[in-house]
Amino acid sequence: MVEGVHFDRRWCPADAVGWKLVTCNVSDIAAMGGLPEWALLTCGFPGDLPLAWAEDLLDGVARACAAFDLAVVGGDITGSPGPIVLSLSAFGIPGERVLTRSAASLDQGLYVTGPLGASALGLRALRSGAADPPPVAVKAHLYPAPRVVEGRRLAACHAVGACMDLSDGLGVDAARMAAASGVGLEVDAALLPLGEELSGLPREEALELALFGGEDYELLFTCSGTPPVPAVRVGRVVARPGLHVLLDGAPWSRGRPFDHFAPQPEGQ
């Protein structure tokens, strides 16, 4: 996580940076049905960084590690001539099998484990300096909760095919799953579960946040039959390659997918 790219100290508390540094990695392990075990932490700090900020960062790391039974067993610390640069590499053990994004098949539906778009709404409110930001959305952005338990249950169910976590947004990640599996995915945008604080937005604006906002850290998976975890069916696997988003029965396209190497608004 790089200051000015992944977080902004003006509105992102240091403990939240530490929490997310851990949980975004734990989410990757959860998406493969694994159990997090240990991690390596590297910090690059500018010389004028207040000690209290670094202490709060490590408090957030410690709380997240305690929540998900993860041990930091080593790493490194160094000075940085520019922004704060943080890296955490997490390691885990597999469940009954390793879930991948490449195992979707034509007899399966497409599911998501929870609401989408709240994190993006929270980020937008924080970045704009809103006087009364939506609290649930802000919490979703600053303190995401990876779906470790759900991932383990998905790995134990052989009706489940492909699985991945939603970090860059369903509209981006579903396309990656389709390409990896050599199939197509059809998404009915009207079925997308929306974060509760998106209800006051215009319909298409809310759907755009759900599809392209990113950092939801829910699990997207394919399954034949009834899923083994609470989930919402949002589409199906189809033969035509690529991602096909429909709204009210017609093709729908809106929003700009996240690109890690494109210029981003400060604090994205």
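The values are calculated or read from the model by the stated rules, or taken from the named source; none is laboratory data. Fair warning: this is a prediction, and the values are worked out from it, not measured in the lab. Note that we place each Cβ from the backbone using ideal geometry, even for glycine, and neighbour counts take in every protein chain shown.
Could you tell me whether the stretch 137-151 includes any residue that is touching a residue at least 24 places away in the same chain (Cβ under 8 Å), within 18 Å of Ala120 (Cα to Cα) and assigned to a strand (DSSP E or B)? No: zero hits. Any residue at all in the stretch 178-199 that's surrounded by fewer than 22 Cβ atoms within 10 Å (Cβ to Cβ) and either outside the structural domain of Arg236 (by TED's automatic domain parsing) or β-branched (Val, Ile, Thr) (or both)? No, that holds for no residue. Within the stretch 102-122, the set of residues being part of a loop (DSSP other than H, G, I, E, B) and either at pLDDT 95 or above or crowded, with 20+ Cβ neighbours inside 10 Å (or both) comprises Ser102, Ala103, Ala104, Ser105, Leu106, Gln108, Thr113, Gly114, Pro115, Gly117. Note on the stretch 123-143: among residues that are farther than 23 Å from Pro230 by Cβ and hydrophobic (A, V, I, L, M, F, W, C), the one that is surrounded by the fewest Cβ atoms within 10 Å (Cβ to Cβ) is Ala131. Of all residue pairs spaced 6 or more apart or on separate chains, those with beta-carbon atoms under 9 Å, a first member in the stretch 218-245 that is farther than 24 Å from Arg147 by Cα and a second member that is among the aromatic types (Phe, Trp, Tyr) are Val245/Trp252. Tallying residues that are closer than 23 Å to Met32 by Cα and within 18 Å of the chain's Cα centre (by Cα) within the stretch 93-118 yields 11. Listed conditions (1) at pLDDT 90 or above; (2) surrounded by 15 or more Cβ atoms within 10 Å (Cβ to Cβ) are all met by Gly255, apart from (1). Taking the criterion of being part of a loop (DSSP other than H, G, I, E, B), within 17 Å of the chain's Cα centre (by Cα) and of a type in the set (A, V, I, L, M, F, W, C), the only residue of the stretch 152-171 that qualifies is Leu166.
Per the listing Ala71, Ala66, the residue uniquely surrounded by fewer than 14 Cβ atoms within 10 Å (Cβ to Cβ) and without any contact (Cβ under 8 Å) to a residue 12 or more places away in the chain is Ala66.
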